[in-house]
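These notes are about the structure you will find just below.
Every number here is computed from the coordinates shown, using simple stated rules; none is lab data. As the structure is a prediction and not an experimental result, all values here were calculated from the model. No Cβ is skipped: glycine too gets one built from the backbone with ideal geometry, and neighbour counts run over all protein chains shown.
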Amino acid sequence: MHRLRTTVTRLRPLRAAQTAQNPSQTRSSVPGGDLGTFQLVRRLNVPVAAEPFLNGTSSNYVEEMYHMWLENPSSVHKSWDVFFRNTNAGAPPGAAYQSPPLLSGLSEGLTRAQALVGAQPNVEKLVKDHLAVQSLIRAYQVRGHHIAKLDPLGISCVDFDDAPCIVGFQNVGLYGLAESDLDRVFRLPTTTFIGGSESALPLREIIRRLEMAYCQHIGVEFMFINDVEQCKWIRQKFETPGIMQFSLEEKKTLLARMIRSTRFEEFLQRKWSSEKRFGLEGCEALIPALKTIIDKSSQSGVESVIMGMPHRGRLNVLANVIRKDLDQIFCQFDSKLEAADEGSGDVKYHLGMYHKRMNRVSDRYITMSLMANPSHLEAVDPVVQGKTKAEQFYSGDTEGKKVMSVLLHGDAAFAGQGIVYETFHLSDLPSYTTHGTIHVVVNNQIGFTTDPRMARSSPYPTDVARVVNAPIFHVNADDPEAVMYVCSVAAEWRNTFHKDVVVDLVCYRRNGHNEMDEPMFTQPLMYKQIKKQKGVLQKFADKLITEGVVTTQYYEDEVVRYDKICEDAYARSKDEKILHIKHWLDSPWPGFFTLEGQPKTMSCPSTGISEDELSHIGNVAASVPMEDFTIHGGLSRILKGRANMVSQQVCDWALGEYMAFGSLLKEGVHVRLSGQDVERGTFSHRHHVLHDQNVDKRTCIPMNFISPDQAPYTVCNSSLSEYGVLGFELGFAMASPNSLVLWEAQFGDFHNTAQCILDQFVSSGQAKWVRQNGIVLLLPHGMEGMGPEHSSARPERFLQMCNDDPDVFPKLSEDFATHQLYDCNWIVVNCSTPANYFHVLRRQILLPFRKPLIVFTPKSLLRHPEAKSSFDDMLPGTHFKRLISEDGPAVFSPEKVKRVIFCTGKIYYELIRERKNRGMDDAVAVVRIEQLSPFPFDLAKAETERYPNADLVWCQEEHKNQGYYDYVKPRLRTTIERTRPIWYAGRDPAAAPATGSKRTHLMELQRLLDTAFNLDAFSGKF
């Protein structure tokens, strides 16, 4: 039956052609056929009984015959009986038929019918030719972009050596067709729109239309998409004859935008020829491309567009897309411009902007935000996606119809930087999707000085987008109308399917990497061609003048008019004396600060909450608030343990976190926790998402059952990405100061692969772009004898980037602690108690400003019996403790204390256990520094003065060249005015963070404890 079905399927196009030629055919009395087919059978000299087999539209009829034959072979004509027997025996269709005896009731002429075997080659050629045409059409759809005229320079860098071209007039022989077939008419399949209203075309015309659709200035990659409707939608947009038409008004608008794009760059070149600006020359069509995307999206209801881009062309985008005042841009070139007090600032081509304006095409207001971005090119990609997701979340835009993102890329970076891949793989995840991003690649066909053949292994720089089935539209950037059409289709695609789409603007870079660079050193032939290249504006203007769309005078007047706008702005820019970075904010927080951008107060209220609230949240944490919900037996024990703690009014680390999150949610603060395995927690301690053991995908989040009018709690496992996801959460936190956004690493050292986000955005973002951010990083840290990986969160790296001065004791004042936080670039803590962790999380929201918070979270302390806190430490009036003093016998006779050990984090519990074992509780005081940065100078000073006769020791479990020692030592020395030495007790310097041997780990731990408690260890060494 499979062989028979295959035969019927192959012959359907034949029947379709017959029906098209004579749609009035009706069924006749000829067995198994209709009159038209009967005549065809006679013309081909094929036996009548085989006619149903040839009838493509009668395939159902053939199947009915086959089933009748299966039930009773004698119920069908003998010829069918023989045919079905032979086919089932394995004979091919051409050999399966045998001439039957004379058929009674037919004219004598039919008795001269020959055997089907002899006539079959004619039938097969007709079928094969129709199938060949279908294959040819598909080849254009799949590979037409291989021969499209995409490169304005005509020296295409795309290498298809491993995929020879199989389209074109000269290649019809590959399909079994001949040149003589070019004028034959073929029925068009339903998988193409090239016919328009016509159902059949000559082969020559079919090829011509396919070449116009797929092989001109637009190349389309989409046939890898596994959704039939999406492929059909794209085919219709590019194959329909005459679909790429523009009105006179649209062409004039396009010309005006090209004038602005081109003349802006030329103006900058005239005024500041020796300044770097990373201009757009060679891809001036980018500006109308972006404007088209925004226009089309605004017409579809989009109210906010968030953009990210590298530095090339940024000033032009700021001027002509975001519509930043030109005088504000031009004054950036003034070397005498004084920086305002806030921040260190950044170069002009890294700055961002936020602007709300009327879109003249849609007559709707639209808000546009261009995110500030360093020279790390693609680093901004996930940040844009996170901010977009946040704006969608806070506006209730669950389908991405109001808020969207647009990302611009360079070709070399798009192919070369892994963050592009990471960002793409967030595009369809439920807690990360932004419902479609439009990616625009400025394809200069070169990196800095690197040719594409050295920069990537794939033919196109955009091939990475194929992993998420994003359609890719390649377009010659020297054809502004083609660019405009492609961008319009891209915007429609995003609005229709809410999926990513890529526009590849194939262009060139007229100057070097920057305006002072000489590209002829490395690309001499390319730049010889570029020097001959006529500017795209002039080419487009000439085209419109030839078409009669505009006159030469009209064009020249438009150029003069924009030049005057630039000159007037240039004159105004000379009045600017001070650079106000706040004018370049990409994420303003209306109402959060005063009009001057300062906090409304510098005090922080108590972060404690009432006992009733603690008990209520604790009971929710110990419950399953959904009926008929079956949880794992082991989880039942965990929830029972939580209930016991609540009844005893104590909490462990997980419950302390629950208290912090739950209380903020109850106060209307959205909490979002994201990262690898955060729902359960890497160490199986959190369990914020409960899973029904009997019903697949049924889950319960008790945190969302705390209060009827609470804010929502979002907890989401991420993809196995750090760079992308941390960037995403950073962007999410930018959108609003009134939410607690946390990213947790599976292990603390996983932040290694997100270092770019930490360096470029988190630690320095406020200094460069006056952009405050309250993101929280949770980094599991601790030397547990588990080997060099996953032991250390590398605290030394975070502390090295802190901006407080180790050699200056700060001036103490009222609200000193808050002022310190305001002046720092980020906060670094290592809490040793659940209560302090609770307070630092709540403080993050209750502060009158926002700073990134780095928390080195514990592993073994999650279940340590002594690492618990009483509810009393979390009640109203309590605060986060920057430093926790000794509270044992040593405080009663401080003058007798021989040693003060300063430490942070988990090592505290090792120290107090060792001190107790040695019976030295009254001789040694242990002080915990919970907030490392900004350093608690005032509290540390009080501790050193309390024990005037004691040695001062810094103890850590990390190696000496790692951890906190290099950060803490100079600050402690400044605190005591260098009157006493600061000794070290810890592991020796090492290359790796930890040993791989458990035995060696324990020996090292005992050695550092011995050093810490040997009261004679440092005698005479000062």
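Rounding to the nearest 20 debye, state how big the charge dipole of the chain is about its Cα centre with +1 on each Lys and Arg Cβ and -1 on each Asp and Glu Cβ.
Here the chain has a charge dipole of around 1400 debye.
Applying 1/(1 + (r/R0)^6) with R0 = 56 Å to the Cβ-Cβ distance of residue 355 and residue 615, what FRET efficiency is obtained, to the nearest 0.05?
The value I calculate is 0.70.
Using +1 at the Cβ of each Lys and Arg and -1 at the Cβ of each Asp and Glu in the chain, identify which of 501, 726, 228 lies farthest towards the dipole's positive end.
Final value for the positive-end residue is 228.
Between their Cα atoms, which of 811/960; 389/768; 896/998; 348/851 are more than 27 Å away from each other?
Over 27 Å Cα-Cα: 811/960; 896/998.
Give me, ordered by chain and number, the residues 5 or more places off residue 368 or on other chains with an amide H under 5 Å from its own placed amide H.
When sequence neighbours closer than 5 places are left aside, the close amide H contacts are 305, 355, 356, 357.
Pick out, in residue order, every one of the GluC sites (Glu not before Pro) in the stretch 655-745 that is DSSP loop and has at most 16 other C-beta atoms within 10 Å; say none if there are none. Walk me through the numbers before you get to the answer.
Working: sites: 657, 667, 679, 722, 729, 744; in loops: 667, 679, 722.
Sites meeting the loop and neighbour criteria: 667.
Let's see if you can work this out: charge +1 on each Lys and Arg Cβ, -1 on each Asp and Glu Cβ, no other charges. What is the dipole magnitude of the stretch 493-535 about its Cα centre, in debye to the nearest 20?
In total the dipole reaches around 280 debye.
Among 1017, 318, 601, whose Cα projects farthest towards the positive end of the dipole of the chain, with charges put on the beta-carbon of Lys, Arg (+1) and Asp, Glu (-1)?
Final value for the positive-end residue is 318.
Read through the labelled values (1) 32.9; (2) 33.8; (3) 31.4 and report the label of the one computed as Kirkwood radius over Cα pairs in Å from the structure.
From the options (1) 32.9; (2) 33.8; (3) 31.4, the structure gives (2).
Could you list 532, 356 so that the one with the fewest beta carbons within 10 Å of its beta carbon is first and the one with the most is last?
Result, fewest neighbours first: 532, 356.
Pairwise over distinct Cα atoms, reciprocal of the mean inverse distance: report the Kirkwood radius of the stretch 164-307 in Å, one decimal place.
Value: 19.2 Å, from the Cα pair sum.
Which listed residue (253, 970, 541) has the Cα farthest towards the positive end of the charge dipole for the chain, taking +1 on Lys and Arg C-beta and -1 on Asp and Glu C-beta about the Cα centre?
Checked the options; the winner is 541.
Rank the residues 734, 520 as a footprinting-exposure proxy: fewest other Cβ atoms within 10 Å of their Cβ go first.
Sorted ascending by nearby Cβ count, the order is 520, 734.
Ranking 969, 859, 528 by Cβ neighbours within 10 Å, fewest first, what do you get?
Numbers: 969 17, 859 22, 528 10.
Sorted ascending by nearby Cβ count, the order is 528, 969, 859.
Two decimals is fine: what's Rg over Rh for the stretch 123-239, C-alpha atoms, Kirkwood radius as Rh?
Ratio of gyration radius to Kirkwood radius for the stretch 123-239: 0.97.
Read phi for every residue in the stretch 686-693 and hand back ³J(HN,Hα) as whole Hz from Karplus 6.51 cos²θ - 1.76 cosθ + 1.60, θ = phi - 60°, with x for Gly and Pro.
Taking θ as phi minus 60°, the curve returns 8, 6, 7, 10, 9, 10, 5, 6 Hz for the stretch 686-693.
Using amide H atoms built 1.01 Å from N in the peptide plane, name the residues 5+ places from residue 650, or on other chains, whose amide H lies under 5 Å from its own.
871
What residues qualify as long-range amide H neighbours of residue 677, i.e. H under 5 Å apart, gap of 5 or more or another chain, H built at 1.01 Å from N?
718
Between rounded, prolate and oblate, where does the stretch 248-584 land on the alpha carbon gyration tensor, with a ≥ b ≥ c its root eigenvalues, rounded for a/c under 1.5, else prolate if a/b exceeds b/c?
Verdict is rounded for the stretch 248-584.
Which value, in debye to the nearest 20, gives the size of the charge dipole of the stretch 725-846 about its Cα centre, when Lys and Arg are +1 and Asp and Glu are -1 at the Cβ?
Details: 7 positive and 13 negative charges, 66 e Å.
That gives the stretch 725-846 a dipole magnitude of about 320 debye.
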